[in-house]
Amino acid sequence: MYTTEQQRKFVEQSRQLLEVPTATDSAGAENQAAQLRQILIYHEWRYSVKNDPVISDFEYDHLYKKLEALEAAFPLLIVPDSPTQRVSNDLSGYGASVTHLVPMLSLANSYNAEDLKDFDTSIRKLLNVDEDYPIAYCVEPKYDGGSLALVYENDLLVRGATRGNGSEGEDISANVKSMRSIPVRAAFSKTNIHKVELRGEAVIRKDRFEEMNKERAKAGQQLFANPRNTATGGLRTKDPKETAVRNIEAFVYQLGYAVDQDGNDKMGQFESHDAGIELLGNLGFKIPTKERKVCKTIKEVSDFCAKWEREREDYEYEIDGMVIKVNDLVLQERCGYTSHHPRWAIAYKFKAKQATSKLVNVDFQIGKIGAITPVAKIEPVQLAGVTVSSISLHNQDFITERDIKIGDTVLVERAGDVIPYIVKAMDELRDGSETDIQFPENCPSCATPLIRLEEEAAWRCPNYHCEAQLVQRMIHHVSKDAMDIDGFGRSYVERFHKLGWLKSIADVYSLDYDEIADLEGFGDRSATNLRMAVEKAKKQPLHRFLYSLSIHHLGRKVSKLLAAEIKHAMDLKDWTEEQFTDIKDVGPVVAKNVTAFFRDEENISLIRQLEENGVNVQQTEKDIPQVADANAPLIGKTILFTGSLNINRKEAQQMAEKAGAKNVSGVSSKLNILVAGEKAGSKLKKAQALGTVEVWTEEEFLERISG
Ligand SMILES: [Zn+2]
């Protein structure tokens, strides 16, 4: 796609364009806009196609905004394939039914090496050749996402559609255009192709999927069920700016149709399927590379399939099998088609991760902050080697959306590390005996009426003293990620709670070990071990303590950020929400929750009691973050940003941290650098009054960190 020389040039031009002012004369603007378009398309390719960006997101955005500014000042510079034109509000034709140029057929399935041998035999029969005749097969992953058909005309992307029923799909051009891994312009005309239809699959990387869900959890939004549903949902959303769309990548794996200006077939110029994919890769599409192999024998095919089945969990994307195609296009034609599928291709399906089972009952579990989670009890099934008998139904919306009833036969799936989930209820198997799932109106533990906050998916028990919540909070408190009390797990918490020994978290530290030694199954030795584990936990660093308190949305990461800022847990008592959000990576939701927690007298007295019981609530050495690179330009400095900056504040903080500085939230004698933007107010005055703080402009800051 790009030569090393070109890439070097683009990277160099990127650096230059980040420095120079945006042109104001039309000749200069035209020149800059042309450069920016080329460069941005290159960076889109590095990021989305190669998964290997060479500039930061921040720099990319900066270049993008520059092009936007030029186009706003000189609208004549806007061209349809400009990166700025990817996301549009033009939804004309959206959702309309469109006919594929060539039908998208499904594939026959195979499940083992024996099936693959049979496939090879049938191909040889169709071609009337013996078993020594060389037939090469191209093998590539079967992506578990949403199928796509893309049409290019005159080198421009003119249509994107879903697979639909195979002959007709839905027009989703606006969404497809906003996906950065799909080129808006591709030089098909170089090979004399005027119009072409490509096949591909829209997928979301597993790690991006996890990130998206983390973001959604933070924002109190409903979580996505799995990468596949998120990708297929994203394809059909009516908002091309939606996160899901932005995170979708499309692998393109087949040329379906190609003609020249006069409508003559141009597929004949490719000697093989593999050569067609190579061309697509050279035109800037995302194609399977390390995942694709041309095999000379069917044995090589089944070995390659087996290797991928073993390694599928480590792969960045969800795949549910491999696809095997006769590589030679002339031989493909000679094999032909049945009415359902091509005879020259077959899918190799990996072992089932799906199974059906009967939904027997639904339990309602109460979380440590009161969220009610419906949990389906199903007849036990084997899924990829694990027995599954209960599955979270997440919340009421999930049940309503999927129309799940007690007594239903449900399709259950378990993919990789993702916990098992219910794909759907099979309503065609209903016999009328199924009953609706009754969501409780009152807490199953304390009978308090449940509430549902506006922006949240979960119903909650608002009673902080709810016994069920208390038990969950104690289980969390002693857990490995929190206070890490060795051996003190769920079963001890539940047992001691039943005995009336644990009425509050503070009781964990005032247990009577003589009584424990007398319990059945204990004895002196295990009581002593437990006592030692509890004693050890009293010295845990502050960040673990903060995390152990079960404050809504306060995770381990933010706990660490907070512990780095304070000397004593009680310091947070006087913090404002703004002080929290001033810390990089601390969002408004968690800020609100932590503030509310420390405004509550009962929580304060709980912390006091814990401290009285000997638990450390002060900052320890382990709470102070270590900076790694001793040569970083701002190593060991503390820094604070104030006033309005051109760059995003959080990004500025990230850049400072990368340069070795530590972000702090207030002006004090410990502050080294204050970066003051426009309209800097009291913080600037205070820093000037102190006389020990270096005050920098934004430009100075950018200069210093670039070395
Ligand atoms: Zn309750």
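A short reminder: the numbers here are calculations on the coordinates, not readings from a lab. Predicted model only: the values in this text are computed from it and were never measured. Cβ atoms come from the backbone with ideal geometry, glycine included; neighbour counts cover every protein chain shown.
Of all lysines in the structure, those lying under 24 Å Cα to Cα from K241, and not within fewer than 8 positions of it along the same chain, are K50, K65, K66, K177, K206, K214, K218, K286, K650.
For region 1-66, the normalised intensity computed at q = 0.13, 0.27, 0.28, 0.29 Å⁻¹ comes to -0.34, -1.28, -1.35, -1.42 (log10 of I(q)/I(0), Debye sum over alpha carbons, equal scatterers, no solvent).
Please go through region 65-160 and write out the chymotrypsin sites (Phe, Trp or Tyr not before Pro) that DSSP classes as loop and that have at most 11 other C-beta atoms within 10 Å. Don't skip to the answer; put the middle values down first.
Numbers: sites: Y94, Y111, F119, Y137, Y143, Y152; in loops: Y94, Y111.
Loop-located and lightly packed - none at all.
Each listed q (0.11, 0.13, 0.16 Å⁻¹) maps to a log10 I(q)/I(0) for region 467-537, found by the Debye formula over equal Cα scatterers with no solvent: -0.22, -0.31, -0.48.
Using the Kirkwood radius built from alpha carbon pairs, what does the Stokes-Einstein equation give as D for region 344-441 at 37 °C and 0.692 mPa s, in µm² per second?
On the way: Rh = 14.4 Å.
Here the translational diffusion coefficient equals 228 µm²/s.
With the convex hull drawn over the C-alpha atoms of region 230-373, the volume per residue is 237 Å³. The equivalent ellipsoid of region 138-218 has semi-axes of 27, 15, 14 Å, largest first, where each one is the square root of 5 times an eigenvalue of the Cα gyration tensor. Of all aspartates and glutamates in the structure, those lying under 12 Å Cα to Cα from K557, and not within fewer than 8 positions of it along the same chain, are D481, D585, D623. Scalar couplings 3J(HN,Hα) for region 249-256, obtained by applying the Karplus form with A = 6.51, B = -1.76, C = 1.60 to θ = phi - 60°, are 10, 10, 7, 10, 10, 6, 8, x Hz; x denotes Gly and Pro.
With a cut-off of 16 Å on the backbone N, the residues of region 121-140 near the modelled label site 7 Å out from A113 along Cα-Cβ are 121.
Any idea what the alpha-carbon Rg over 2.2 N^0.38 Å comes to for the chain?
On the way: Rg = 30.3 Å, N = 707, 2.2 N^0.38 = 26.6 Å.
The value comes to 1.14.
Model label points for T528 and E577, set 7 angstrom from Cα along the Cα-to-Cβ axis, are 5.3 nm apart. For a paramagnetic label modelled on T3 (point 7 Å from Cα along Cα→Cβ), amide N atoms under 18 Å away belong, within region 40-75, to 42. Measuring how big region 195-235 is from its alpha-carbon positions, Rg and Dmax come out at 13.0, 46 Å. Legend: ranking of residues I624, I516 from fewest to most surrounding C-beta atoms inside 10 Å; resulting order I624, I516.
So for region 567-693: antiparallel DSSP bridges make up what percent, rounded to the nearest 5? Here the antiparallel bridges make up roughly 25 percent for region 567-693. For the pair Y133 and S669, the difference between a 0.36 nm per residue extended length and the Cα-Cα distance amounts to 184.7 nm.
Please state, rounded to one decimal and in Å, the Kirkwood hydrodynamic radius that region 88-175 gives when every pair of distinct Cα atoms enters the mean of 1/r. Walk me through the numbers on the way to the answer.
Values: mean 1/r = 0.0617 Å⁻¹.
Taking the inverse mean of 1/r over all distinct Cα pairs, region 88-175 comes out at 16.2 Å.
A Förster distance of 51 Å, applied to the separation of the beta-carbon atoms of E210 and Q261, puts the FRET efficiency at 0.60. A simple spin-label model places pseudo-atoms 7 Å from Cα toward Cβ; at I419 and E700 they are separated by 5.1 nm. Amide H contacts of T356 (H built 1.01 Å from N, in plane; Pro and chain starts excluded): V412 sit under 5 Å, all sequence-distant by 5 or more or on other chains.
The mean of 1/r over all pairs of different alpha-carbon atoms in region 155-276, once inverted, gives a Kirkwood hydrodynamic radius of 16.0 Å. Relative to the current alpha-carbon distance between R599 and T191, full extension at 0.36 nm per residue lengthens the span by 139.9 nm.
Report the gain in length on full extension from T400 to E30: 0.36 nm times residue separation, minus Cα-Cα distance, nm rounded to one decimal.
Additional length available on full extension: 127.8 nm.
Principal-axis analysis of the Cα atoms of the chain puts helix 113-127 at an angle of about 20° to the longest axis.
Legend note: in the chain, cysteines whose Cβ sits 4.7 Å or more from every other cysteine Cβ are C138, C295, C305, C335. When every Cα-Cα distance of region 283-332 is counted in 10 angstrom steps from zero, the calculated P(r) takes the values 21, 49, 27, 3 percent.
In terms of Cα atoms, the Rg and Dmax of region 109-349 work out to 18.7, 63 Å.
Placing unit charges on the Cβ atoms of the charged side chains and taking the dipole of the chain about its Cα centre, the candidate lying farthest along the positive direction among V102, G256, I422 is I422. Computed over the chain, the per-residue total of -39500 (n - 2.57) for DSSP H runs of n ≥ 4 gives a 222 nm mean residue ellipticity of -10500 deg cm²/dmol, rounded to 500. In whole Å, what is the distance between the alpha-carbon centres of region 501-517 and region 540-560? Distance between centres, Cα-based: 23 Å.
Applied to region 498-507, the Karplus parametrisation 6.51 cos²θ - 1.76 cosθ + 1.60 on θ = phi - 60° returns per-residue 3J(HN,Hα) values of 4, 6, x, 8, 10, 9, 8, 4, 4, 5 Hz, with x for Gly and Pro. Listed by chain and number, the aspartates and glutamates whose C-alpha is less than 13 Å from the C-alpha of K686, apart from same-chain residues fewer than 8 away, are E694. Quick one: of K584/K637; K560/K622; K238/K405, which pairs are farther than 18 Å apart, Cα to Cα? Over 18 Å apart, Cα to Cα: K238/K405. Three principal axis extents describe the C-alpha atoms of region 542-623; from largest down they are 32, 29, 19 Å.
Let's test the formula: R0 of 41 Å, r as the Cβ-Cβ distance of R334 and D81. What FRET efficiency results, to the nearest 0.05?
The formula returns an efficiency of 0.60 here.
Hey, how many Å between the Cα centroid of region 656-707 and the Cα centroid of region 220-240? Spelled out, the Cα-based centre of one part sits 41 Å from the other. Cα centroid separation, region 283-351 to region 59-106: 32 Å. Here the Debye sum runs over all C-alpha atoms of region 25-121 as equal scatterers in vacuum, and log10 of I(q)/I(0) at q = 0.15, 0.16, 0.23 Å⁻¹ comes out as -0.77, -0.81, -1.14.
What percent antiparallel are the DSSP beta bridges of the chain, to the nearest 5?
85
Normalised by 2.2 N^0.38 Å, where N is the number of residues, the alpha-carbon radius of gyration of region 638-705 equals 0.98.
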